[in-house]
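Asks: This is the structure, below, for whatever I ask next.
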Amino acid sequence: MTEHRKIRLVVLYGGRSAEHEVSCVTAVHVLKALDPDRYDVVPIGITADGRWLLDEAARAALKEGSTGLPRALEAAGREVSPFSPVVQAPDANTPVVFLPLLHGPFGEDGTVQGLLEVAGVPYVGAGVLGSALAMDKAKAKEVLGAHGLPQARWLGVHEDEVGPGLRARVDRELGWPVFVKPANLGSSVGVSKVRDGEALERALDLAFSYDEWVVVEEAVVGREIEVAVLGNRDPEASVPGEIVPSREFYDYEDKYVVDGAGLVIPAPLSPAATDQVRALAVEVFAVLRAEGMARVDFFYEEEGRGFLVNEANTIPGFTPISMYPKLWEASGLPYPKLVDRLVELALERHARRAHRIGRSRATGGPPGR
């Protein structure tokens, strides 16, 4: 059925988080990669105040070819309701899939995923639980620790827990330097490297300006290794890649502004280390209930603790300098085919879940009702 009809692909970008601009850049490159013979694309920008706008200019540019698209999309156009007729299928035989490219809160954290679940539409990426869990670095670390996965030492701190004893606790449990980061944000926004207790308060103030929960973790001296994971119940791991920051650490400027970091793909690791980190990435993916895609980041202490899980990103960047698509390209899956595979995984998962829901209805629900 889907081989003969275009899939209506609703691309969501922008959003209400501090990563709005990153999302707008990501969206352009995804749109450029889409096959116009396969997809009827509906780009919808979500503004910083949560309005959904149909990007008619981008849609018109796509009809003429992707060369007319700007460097970054804007959340601009005619306001629509999330499930207005413009995003609905023209007939019962046309599949509709939502592709959220919404980094950070209100997009990557299970909120939009919950909306799409209630509406009963297929969407790319992790579900509500997986999205929320991976987004909250503190809770993700708790779950990973409960499963025995190796991590750096860390503390989760709520803004009402800050007091005179925190500096002493960091000194006692972590040592210096440490990284301070918002628990529910990505792209290195709000992250600081802190060398002593005097600078801790300033770093906490910055992180708390983005989130009420903050993670304080030891600064690991090691290599930064990343692995892309793709799939649903039977995920696959890409070849690993290594990031060589051009700055003191891999921060927002290095990722999206100066393009100074070196990306070494595949990472120069031994065959045994390569197999180990790929297996760990798949395990993290499963433990956090991810689906569709995720990029799993590690620190590698070659002469110490080995691979330490840093975090998992369920909507990783898709800009030209982003690691996730580069890793899959190096693994034999080019960018356009990667997007196709993600859409197929969304339809597969939706069909699997819809079958279970339909069976439950047919049997009258669980026993006792």
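Asks: Give the residues of region 193-227 that are among the hydroxyl-bearing types (Ser, Thr, Tyr) and either at positive phi or within 21 Å of the chain's Cα centre (by Cα) (or both), sorted by residue number.
Replies: TYR210 - this is the single residue of region 193-227 that is among the hydroxyl-bearing types (Ser, Thr, Tyr) and either at positive phi or within 21 Å of the chain's Cα centre (by Cα) (or both).
Every residue, every condition in (1) at pLDDT 90 or above; (2) out of contact with any Ser or Thr (no Cβ under 6 Å at 6 or more places or on another chain); (3) charged (D, E, K, R), yes or no:
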| position | (1), (2), (3) |
| --- | --- |
| VAL10 | yes, yes, no |
| CYS24 | yes, yes, no |
| LEU31 | yes, yes, no |
| ILE44 | yes, yes, no |
| LEU54 | yes, yes, no |
| ALA61 | no, yes, no |
| ARG71 | no, yes, yes |
| ALA75 | no, no, no |
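The values are calculated or read from the model by the stated rules, or taken from the named source; none is laboratory data. Since the model is a prediction, treat every value here as computed from it, not as a measurement. We place every Cβ from the backbone using ideal geometry, glycine too, and count neighbours over all the protein chains shown.
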